[in-house]
Amino acid sequence: MCDLRPDGHAAGERDGGSAQPPTATVLVPSYRRPDALRSCLDGLLAGTHLPEQIVVVLRDTDAGSHAALQAWLAEHAEAQTLLDLAEVSEPGQCAATNAGIALATGEIVCFIDDDCVSTAQWLERLLAHYADPEVVGAGGRDVVHHGDEIEFSPQPVVGRLTWCGRVIGNHHQPAFTEPRRVQHLKGANMSFRRGAITGFDPRIRGAHFSDTDVSLAAGRSGALVYDPLAQVDHYPAARTGGFARQPERAEEIAADAHDAAYVMLKHLRGPRTAAFVAFMLLIGRPKACGLPRMIAALPHERWSAVRRWLAAMAGLRAGMRTAREAARR
C-alpha cells in the first residue's frame, strides 16, 4: 500500500519525478436534492486534485436538480469541460449508478453521495493508494453530521465481514488514522479501478447492500484499502422515494433482509452459507431480528415485534430464492 506523507502526497515521490496518478471519474447520483448537489460539486472543485471527469446522474423528471445543475455550471465555467450528465427514467440507486458507470472514462471510478462534501485532499488521498498494483479499491471516512453534532463513537473494527456473514461497517467512526485493508467499503465514499466493477446488481432492492456487493466482488481480484483521512462530510438527507435509512415498515424490513440474504449467499461459500442462515434466524439484523430477539421484545413491543419478525423471515426466504435463481443463470 502507498504510504502518505502529512502533506497528502505519496511517500517516496521526488520533485519532478513523481509518477502520475491514475485518471479519475467522480460519480454523483442525485435525486431531488438540488442544494446538496451544488454543495457536493463545490467541494469537488475545491480539492487539491481535480478529477478528469465528473458524472452527475439525474432522473429525467427531476426538474429542480436539472435547473440547479445548469445554474451551477453557469457560475463555474471551468467545470463545463469536466462534467457529463447522465439521465435515467428508471427509479432506484442501481439504475442511476449503472448509468453513471457507463459514461465513466477514468481509470478510477470514485463514488460520493450527493449529500456529502469532500474535503480538500479527499481525491488525492484515494488515488495515492492505487500506486500499489494490488489495490483495486479505496475508500474513506464519511464524517456524519446531525446538525451541530457529529456521530462518532470510535470503533477499532471497520469494513469487515464475519465468518457467518455479519457485516461490520463503522466507516464513519474509526478509532485510528492510518490506512488499513478491509473487506468492504461504504458507498458514500469509495472508489475502484474501472475494470474491477461491472455495475450495481439490480436484484438488490434497497440502498444498504449495493456497496457491500460491489466491494466483495472487487475484493476477489485484489486489495481494498480504507483510509480514514480520505474524508467527506456527510449531511444525511431524507431519501425521496425508495426506502428509509433505518427501515421501520414491514416492506422495508423485508427488503433489507432480502438484500442481506441475497448478497451474502452470492458471496459466501460452503458451510459459511449455512452459518449465515442460522445467524439470520437466531440473531438477524437490527430491525430484521431473529426469533429469540423477537421473543425477548414481546413484553414491551407486543405485536409490532411479531410483525417485524414475520417481515424479516419473509425477506430472508425471498433473498434465498433470489440467490438460487441468480445462480442458475
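Of the residues L229, L185, which is touching a helix residue (DSSP H, G or I) at 6+ places or on another chain (Cβ under 7 Å), in the same structural domain as R33 (by TED's automatic domain parsing), part of a loop (DSSP other than H, G, I, E, B) and closer than 25 Å to L44 by Cα?
L185
Here is a list: L229, L268, L216. Which entry is more than 30 Å from S118 (Cα to Cα) and either at pLDDT 90 or above or touching a Leu at 6+ places or on another chain (Cβ under 6 Å) (or both)? Break it down into steps so the answer makes sense when it comes.
Numbers: L229 fails: more than 30 Å from S118 (Cα to Cα); L216 fails: more than 30 Å from S118 (Cα to Cα).
Sole residue among the options that is more than 30 Å from S118 (Cα to Cα) and either at pLDDT 90 or above or touching a Leu at 6+ places or on another chain (Cβ under 6 Å) (or both): L268.
Kindly indicate whether any position in the range 287-297 is touching a Pro at 6+ places or on another chain (Cβ under 9 Å) and over 30 Å from C40 (Cα atoms).
First, pick out the residues of the range 287-297 that are touching a Pro at 6+ places or on another chain (Cβ under 9 Å): 287-288.
Then drop every residue that is not over 30 Å from C40 (Cα atoms), which leaves 287-288.
Scanning the range 287-297, I find at least one residue that is touching a Pro at 6+ places or on another chain (Cβ under 9 Å) and over 30 Å from C40 (Cα atoms), so the answer is yes.
Going through A297, A323, A318, A312 one at a time, which residue ends up being in the same structural domain as V263 (by TED's automatic domain parsing), closer than 22 Å to Y262 by Cα, in contact with a Cys (Cβ under 9 Å, 6 or more places away or on another chain) and surrounded by 14 or more Cβ atoms within 10 Å (Cβ to Cβ)? Give the steps one after another, and end with the answer.
Values: A297 fails: closer than 22 Å to Y262 by Cα; A323 fails: in contact with a Cys (Cβ under 9 Å, 6 or more places away or on another chain); A318 fails: in contact with a Cys (Cβ under 9 Å, 6 or more places away or on another chain).
Selected residue: A312, the only one of A297, A323, A318, A312 that is in the same structural domain as V263 (by TED's automatic domain parsing), closer than 22 Å to Y262 by Cα, in contact with a Cys (Cβ under 9 Å, 6 or more places away or on another chain) and surrounded by 14 or more Cβ atoms within 10 Å (Cβ to Cβ).
Residue-wise test of (1) on the phi > 0 side of the Ramachandran plot; (2) modelled with pLDDT of 95 or more; (3) in contact with a Leu (Cβ under 8 Å, 6 or more places away or on another chain); (4) part of a helix (DSSP H, G or I).
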site	(1), (2), (3), (4)
A67	no, yes, no, yes
A74	no, yes, no, yes
E87	no, yes, yes, no
C94	no, no, no, yes
A102	no, yes, no, yes
V109	no, yes, yes, no
A128	no, yes, yes, yes
A138	no, yes, yes, no
V143	no, yes, no, no
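Residues are listed down the side, and each one gets a yes or a no for (1) outside any helix (DSSP H, G or I); (2) free of Cβ contacts under 8 Å to residues at least 12 places away in the same chain:
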residue	(1), (2)
A261	no, no
M280	no, no
K287	yes, no
P292	no, yes
L298	no, yes
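Can you pull out the residues in the range 188-226 that are within 11 Å of the chain's Cα centre (by Cα) and assigned to a helix (DSSP H, G or I)?
Those that are within 11 Å of the chain's Cα centre (by Cα) and assigned to a helix (DSSP H, G or I): S210, D211, T212, D213, V214, S215.
The values are calculated or read from the model by the stated rules, or taken from the named source; none is laboratory data. None of these values were measured; they are calculated from a predicted model. Glycine also receives a Cβ, built like all others from the backbone with ideal geometry; neighbour counts cover every protein chain displayed.
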